[in-house]
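Report on the structure given below.
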Ligand code: SF4
């Protein structure tokens, strides 16, 4: 039996230069702090947002976002 895998969006704060538009593309999972930097939700990316999450990873100009797959322990 295959174990379910969850997908999570991750931010590399060192690479991120802020003031981007990722939160505009995926407001369900990314918000903006007072300085214009993204705040990425730690919850699992729900299936209906996977395509949008892949797109926001693809268009980040600093390659600061990635999708991480996790299997339960
Ligand atoms: S698009 Fe990328 S570099 Fe710009 S704020 Fe979002 S994560 Fe940071």
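The values are calculated or read from the model by the stated rules, or taken from the named source; none is laboratory data. The model shown is predicted, which means the values in this text are computed figures rather than measured ones. Glycine gets a Cβ as well: all are built from the backbone with ideal geometry, and neighbour counts include every protein chain shown.
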Filter pass, residue 67 being in a strand (DSSP E or B), surrounded by 14 or more Cβ atoms within 10 Å (Cβ to Cβ) and more than 8 Å from the ligand (Cβ to nearest atom): yes
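This table checks each residue for (1) over 9 Å from the mean Cα position of the chain (by Cα); (2) modelled with pLDDT of 95 or more; (3) not in a loop (DSSP other than H, G, I, E, B).
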position: 1; (1), (2), (3): yes, no, no
position: 14; (1), (2), (3): yes, yes, no
position: 27; (1), (2), (3): yes, yes, no
position: 35; (1), (2), (3): yes, no, no
position: 44; (1), (2), (3): yes, yes, no
position: 48; (1), (2), (3): yes, yes, yes
